[in-house]
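Below is one structure, written out as structure tokens; comments come after it.
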There are 2 protein chains.
Amino acid sequence: MRPRAIVFDAYGTLFDVRAVVLEGIFPIDPDHDTLLQLWRQRQLEYTWLLSLMDRYEDFWNVTQSALQSSCRQLHIELSASQCNALLRAYLSLPIFPEVASALESLKRYPLAILSNGSPHMLSAAVGSSGLDSRITEVISVDTAKVYKPSPRAYALGVAALGLAAEDMLFVSSNWWDVWGAKTFGYRVCWCNRSGEAMECAPDFEVTSLDQIARRLTG
Amino acid sequence: MRPRAIVFDAYGTLFDVRAVVLEGIFPIDPDHDTLLQLWRQRQLEYTWLLSLMDRYEDFWNVTQSALQSSCRQLHIELSASQCNALLRAYLSLPIFPEVASALESLKRYPLAILSNGSPHMLSAAVGSSGLDSRITEVISVDTAKVYKPSPRAYALGVAALGLAAEDMLFVSSNWWDVWGAKTFGYRVCWCNRSGEAMECAPDFEVTSLDQIARRLTG
């Protein structure tokens, strides 16, 4: 059964968080790969921990705090301008290579984004990548002041699109987001780019976003 | 000002989760160290994610699911008996070398444990380590059906000991637990065994539990 709309996660699903940062700002070396991994991990951990503590700080602040503590942890000293350059990379992230053609092949569906990103971060990244012509709704968890996988975050997609969760397809590359969206009630496609394992079974799994259109018509 | 009671985290603070598993069950090799790290990370992630999704599974089930998905992720095949042996290690974990003398030096205070562990896991580990003669209250988050750092989990210490959070000292080696306890309102000591970095400032920091008594009298 075809969904009535498709809702995408942003970071790691449409936008390649790891590629951009390595290009241009830092030369590629093992330290910086370690930094990128720890930064992303802390960023996610901070969203979960803050939400569990009933606290909220927007994703820009979380991303900045995570970068700072990762640098301290790894004894990497960055100047204020290097820190700012890394943070600002979130405003113009590259999309994965197949994203434009994948969205073209899905243009019969209303396409939305539901992301942890703050409204400012999302509007900058969506605009700079040219996705604004394809995406009809950009939904930030900032409205609910709680991060995924809280049901209050996923409920924003239902409210914004006016559709039941089970009538929409939620697409994410993040295993924990797939688990959360499935638990909430969406139909879920896991774009499992790196062959990860997890507990929850999505409705279907792809390795690249351009496989979705065929799965929906097949 | 001296606290009226001291509340300890269990895993990673009193009990050495990583030492036991490497001894006896597996020979030490890089794969198994990677497995231990991923297992612990997934175990924590599952507690946070389940809590955020308003779901609860007890810590035994979480620990088992985390082990299984970590093995799948790393393409490590364990027999059912090897899996069971790893899980059962949680029932008789070794304590860190300084724990017995540290608790002896703190015996003037009521000493409690507040842990994510299920009641069965905690009573087995506390009994097998001989800590039951020192610890007057063993509190499991299982009563609240939500994991740390939810305030509902930390509130169990207040209820069990009948003291205000700010009149107690909460001791943990886990940075996210230090952050959660401090946010809840406890006075907090971070036993930072491995020189980690984080955002939140504890009331004081030690590198080993036997430094606490002196800090309280000094």
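A:Gln68 meets the stated requirement of being touching a Cys at 6+ places or on another chain (Cβ under 8 Å) and closer than 20 Å to A:Trp39 by Cα.
Apart from one condition, B:Lys145 fits all of (1) in contact (Cβ under 8 Å) with a residue 60 or more places away in the chain; (2) farther than 22 Å from B:Tyr56 by Cβ; the exception is (2).
Within segment B:164-172, identify whether any single residue is over 13 Å from B:Leu111 (Cα atoms) and touching a Cys at 6+ places or on another chain (Cβ under 8 Å), and answer yes or no. Checked against the condition, which is being over 13 Å from B:Leu111 (Cα atoms) and touching a Cys at 6+ places or on another chain (Cβ under 8 Å), segment B:164-172 yields at least one hit. On the stretch given as segment A:56-73, residues that are surrounded by fewer than 16 Cβ atoms within 10 Å (Cβ to Cβ) and over 12 Å from A:Gln43 (Cβ atoms) total 1.
Exactly one residue out of A:Ser105, A:Ser140 is under 25 Å from A:Met1 (Cα atoms), touching a helix residue (DSSP H, G or I) at 6+ places or on another chain (Cβ under 7 Å), more than 14 Å from chain B (Cβ to nearest Cβ) and touching a residue at least 24 places away in the same chain (Cβ under 8 Å): that is A:Ser105.
For segment A:181-198, a residue qualifies if it is within 13 Å of chain B (Cβ to nearest Cβ) and more than 18 Å from A:Ala5 (Cα to Cα), and the qualifying residues are A:Thr183, A:Asn192, A:Ser194, A:Gly195, A:Glu196, A:Ala197, A:Met198.
The residue list A:Ala155, A:Ala164 contains one member that is in contact with a helix residue (DSSP H, G or I) (Cβ under 8 Å, 6 or more places away or on another chain) and within 28 Å of A:Arg55 (Cβ to Cβ), which is A:Ala155. Pairs are defined by a Cβ separation below 8 Å, a sequence spacing of at least 6 or placement on different chains, a first member in segment B:51-64 that is more than 7 Å from every other protein chain (Cβ to nearest Cβ), and a second member that is basic (Lys, Arg) and surrounded by fewer than 23 Cβ atoms within 10 Å (Cβ to Cβ); the pairs so defined are B:Tyr56/B:Lys145. For segment A:179-212, taking the residues that are small (Gly, Ala, Ser) and crowded, with 19+ Cβ neighbours inside 10 Å, the one that is farthest from A:Ser101 (Cα to Cα) is identified as A:Gly180.
Taking the criterion of being at pLDDT 95 or above and over 22 Å from B:Leu216 (Cα atoms), the residues of segment B:155-197 that qualify are B:Ala155, B:Leu156, B:Ala159, B:Ala160, B:Trp176.
Conditions tested, residue by residue: (1) assigned by TED's automatic domain parsing to the domain that holds B:Pro149; (2) part of a strand (DSSP E or B); (3) at positive phi.
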| residue | (1), (2), (3) |
| --- | --- |
| B:Cys71 | no, no, no |
| B:Ile76 | no, no, no |
| B:Gln82 | no, no, no |
| B:Pro97 | yes, no, no |
| B:Ala100 | yes, no, no |
| B:Glu104 | yes, no, no |
| B:Lys107 | yes, no, no |
| B:Ile113 | yes, yes, no |
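Tell me which residues, restricted to segment B:86-108, are over 16 Å from B:Ser128 (Cα atoms) and surrounded by fewer than 20 Cβ atoms within 10 Å (Cβ to Cβ). Within segment B:86-108, B:Glu98, B:Ser101, B:Glu104, B:Ser105, B:Lys107, B:Arg108 qualify.
Being within 26 Å of A:Lys145 (Cβ to Cβ) and within 14 Å of chain B (Cβ to nearest Cβ) holds for only one residue in A:Glu45, A:Glu77, and it is A:Glu45.
The values are calculated or read from the model by the stated rules, or taken from the named source; none is laboratory data. In this text the structure is predicted, and so the values were computed from the model without any measurement. Note: ideal-geometry Cβ built from the backbone for every residue, glycine included; neighbour counts use all protein chains shown.
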